[in-house]
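The values are calculated or read from the model by the stated rules, or taken from the named source; none is laboratory data. Note that the structure is predicted; figures quoted are calculated from it, not measured. Glycine also receives a Cβ, built like all others from the backbone with ideal geometry; neighbour counts cover every protein chain displayed.
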Amino acid sequence: MDNGMVGFHDRRMLYLQVKDFILDQIERGVFKEGELIPAERELAESLKISRYTVRRALQELVDEDYLYRVQGSGTFVKERNNNAAKRSDSIGIVMPFWDAETEMMLLSGMQKALRETEYSMTLFTSDNDSGKEIEGVRRLKDEGVAGLIIMPSEDPHGGKAALQLKKEGFPFVLVDRRVGGCITDCVMSDNIQGGYSATKHLVELGHRKIAFLRHENDQTSSIRDRFKGYEEAMSDHGLKDSLMFSYDYRDGLSKLGEFLAQRKYTAVVTGNGVVARDVVRKCREQDVAIPDELSVVSFDDLSILKMLDIALTTVTQHSEAMGAKAVHLLVDQINNRSGELRYYAQYYYPTQLVKRNSCKKLVR
């Protein structure tokens, strides 16, 4: 990195010179607004100074609101919005993706509910990354939105931005997933009930060896609750051999194939529709017949599942209704910012088991 800096050997305190250098790089557009700046070690090596000096300079720039930090991601240049139009007539939506089917259904419900209000929608997608999620929350707040609806990302830090919003008293609602330690308005499916009904259905068909399958990166409350429902159903029916099998959705399909090839289980409950799709494809590759050799119950009645060559038994959700309810709760929060006592609401929409052709009754 060409630092273009002079005066590193004069009597002015070194960390102040580092501050000036970073501000100069921002002014010149080398460090762009909203982007990650070089790491402490890289800056220290480039400027030939100690990391302590760099750390002190960065901390002051964070304190002075020129930079901001995202845990696990690094330090970013804060966007200057002095001339930006404020969006007090808009609510901000932060979601992992805009084009995933569940998110699209939630957004459809939100849009319909917003038509009855004075508010429009400003959407930020986090690409399922908690660091970008935090950035999106900050950016939308800086733009002046009246409140936020957040669908947390799947990684362990997903939804952490909500904790700071809670401290600040800023209006927000969580949708589809809870965040640990954050008591606030939240709209979800009754995922425990869904996991229970899926597993109970398989038990009633005579299955005793039933596994729960999920993506290992999915750390959401929804998946934890679905697994809890599965465990409760297994326990209530005297079955001790419960198992959560996890694989990486990017490069773990071979691991999934190895698991299915062992044929230790006669049935599986999948954490979501994408996992169900992977299971069906791997079964086809390995000549594992569904449902004759493996029964499958999915979550989410996604379009991708309807393109498969078997109709899957599925736990469905009321995603549109959940999106609409999130808007109603947020508008209520926005209209009650006077300090008036208000109780937080957590809505759990019931799920429904739709029986199709992917489960077989075992003859004993």
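Worth a mention:
- Flag if residue 331 is in contact (Cβ under 8 Å) with a residue 40 or more places away in the chain, surrounded by fewer than 17 Cβ atoms within 10 Å (Cβ to Cβ) and outside the structural domain of residue 195 (by TED's automatic domain parsing): no
- Of the residues making up the stretch 280-327, those that are out of contact with any strand residue (DSSP E or B) (no Cβ under 6 Å at 6 or more places or on another chain) and of a type in the set (Ser, Thr, Tyr) are 303, 319.
- Residue selection: residue 70 fails the criterion of being in contact with a helix residue (DSSP H, G or I) (Cβ under 9 Å, 6 or more places away or on another chain), closer than 26 Å to residue 37 by Cα and at pLDDT 90 or above.
- Residue within the stretch 280-296 that is part of a strand (DSSP E or B), outside the structural domain of residue 165 (by TED's automatic domain parsing) and within 20 Å of residue 209 (Cβ to Cβ) present: yes
- Taken over the stretch 195-225, the residue count meeting the criterion of being β-branched (Val, Ile, Thr), part of a helix (DSSP H, G or I) and within 16 Å of residue 274 (Cα to Cα) is 1.
- Residue 264 being of a type outside the set (Phe, Trp, Tyr), over 23 Å from residue 128 (Cβ atoms) and out of contact with any helix residue (DSSP H, G or I) (no Cβ under 8 Å at 6 or more places or on another chain): yes
- Every pair of residues 6+ apart whose Cβ atoms lie under 9 Å, when the first sits in the stretch 96-123 and is under 16 Å from residue 145 (Cβ atoms) while the second is among the polar types (S, T, N, Q) and at pLDDT 90 or above: 114/120; 119/90; 120/90; 121/90; 121/111; 122/90
- All positions within the stretch 170-185 that are of a type in the set (A, V, I, L, M, F, W, C), touching a residue at least 60 places away in the same chain (Cβ under 8 Å) and more than 19 Å from residue 100 (Cβ to Cβ): 172, 173, 183
- Test: residue 284 is surrounded by 14 or more Cβ atoms within 10 Å (Cβ to Cβ) and basic (Lys, Arg): yes
- Looking across 40, 33, 27, 45, one residue alone is surrounded by fewer than 17 Cβ atoms within 10 Å (Cβ to Cβ), within 17 Å of residue 69 (Cβ to Cβ) and of a type outside the set (Gly, Ala, Ser). It is 33.
- Every condition in (1) modelled with pLDDT of 85 or more; (2) of a type in the set (D, E, K, R); (3) under 27 Å from residue 160 (Cβ atoms) is met by residue 48 except one, and the failing one is (3).
- Enumeration of residues in the stretch 238-279 that are among the aliphatic types (A, V, I, L, M) and not in a helix (DSSP H, G or I): 239, 243, 244, 267, 268, 269
- Residues of the stretch 178-213 satisfying the condition of being within 22 Å of residue 252 (Cα to Cα) and buried (at least 23 other Cβ atoms within 10 Å of the Cβ): 210, 212, 213
- Cross-chain or 6+ apart pairs with Cβ under 9 Å, the stretch 298-327 first and assigned to a helix (DSSP H, G or I), then among the aromatic types (Phe, Trp, Tyr): 319/349; 321/349; 322/347; 322/349; 325/347; 325/349; 326/347; 327/119
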